[in-house]
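Read the structure below first, then the notes.
The values are calculated or read from the model by the stated rules, or taken from the named source; none is laboratory data. Since this is a predicted model, take the numbers as computed values, not measurements. Cβ coordinates were reconstructed from backbone atoms using ideal geometry, including for glycine residues, and neighbour counts include every protein chain displayed. Heads up: the accessible areas ignore ligands, DNA and RNA and are worked out on the full protein's heavy atoms, side chains in. Shrake-Rupley method; radii C 1.70, N 1.55, O 1.52, S 1.80 Å.
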Amino acid sequence: MNRIQPTGLIPGSGALTVSIDFARRHLVLISASFVIGGVLGYVLTFLIPQQWEARSVLQMGQIQTSPTTNGQQSVVIETAARAMERMKLGPFQDAVLKKLNLPSDPGANKNTDLFRSSLTTQVLRTSELLEIGVRGYSAEQARRFLLETQNELIHLHSVLSEPSITRFQSDLDETRTSLAAAMAQYRQLQQMGAQNPPKQNANAKFSEQVLLGNLLSLTESEMRNLRLRQSALEEQLNPARTFNTRPLGDVEVSRRPVFPKKVPFAVGGALLAALVATMFGMWADSRRGHNSSA
């Protein structure tokens, strides 16, 4: 015959009972703190300076290389990942702040501190696209911060690419000059042949005509090679092939302030106040229990 064992309390029921009793004793305090904290958090959003955010996307510049150079077609002036790391460095930010007529010393100016703390960069997927973001205390200030930042990077990349572009342009100018000289020589040789037609009984003229024909052939071959080189150099310097870093579209500025947000501040204030009230209630209960035992 089975004996019925006495059942005890459900595990955890004691703690649940204590929690319910605690909530009943301090319900008014916690509820009032929750409401007051939410209101204070909401009001705080009107006291903190508002911030707008500006963003833009830059395409990294590239240089068209010779088709015979290891089979490569183009190389970027600087990878987006390296440009992102460059923009985090102090010298780069100091250069931008100088153009903005702001001090570079930390803590010297609230605008300087906001620029340094809010400047963000992100490489978009695996492409050579770099997204830049920065905040300002007004929409116009955020736009100005961003424009100077991207212009500084564009200027640096222009300096990096200048030697290659200058060399390509010099080679192109030299090729055009050589082609013009070869074309002038070709026309001169043609005129010489027209002015001295071969005679049937003039064997002495035969070697001159052969030499003239060879010179025309060599000059024509040189002109063909120079035209090919000119075409290749013009292709390299084509703005669609070789270009500096450039923005893809206009700067976008948030229509409304991105900080402070009213709802997150209100919720955060309410939760923080409720937490403080709960801790106060626990302290008060512990003091009450201590006094009772005494």
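List of remarks:
- For the range 239-289, a residue qualifies if it is over 30 Å from L153 (Cα atoms) and of a type in the set (S, T, Y), and the qualifying residues are T278, S286.
- Subset of the range 101-157 that is of a type in the set (S, T, Y) and open to solvent by 60 Å² or more (accessible area, probe 1.4 Å) - its residue that is farthest from G61 (Cα to Cα): Y137
- If you go through the range 126-148 and pick out every residue that is within 16 Å of Q93 (Cβ to Cβ), among the hydrophobic types (A, V, I, L, M, F, W, C) and assigned to a strand (DSSP E or B), you end up with 3.
- Candidates L248, L233 - the one that is open to solvent by less than 100 Å² (accessible area, probe 1.4 Å), more than 28 Å from V57 (Cα to Cα) and at pLDDT 90 or above: L233
- A Cβ distance below 6 Å, combined with a sequence gap of six or more or placement on separate chains, defines the contacts here; from the range 133-148, residues that are charged (D, E, K, R) reach residues that are assigned to a strand (DSSP E or B) in the pairs R135/Q51; R135/E53; R143/A54; R143/V253.
- Boolean, V263 is closer than 29 Å to E131 by Cβ, of a type in the set (V, I, T) and open to solvent by less than 70 Å² (accessible area, probe 1.4 Å): no
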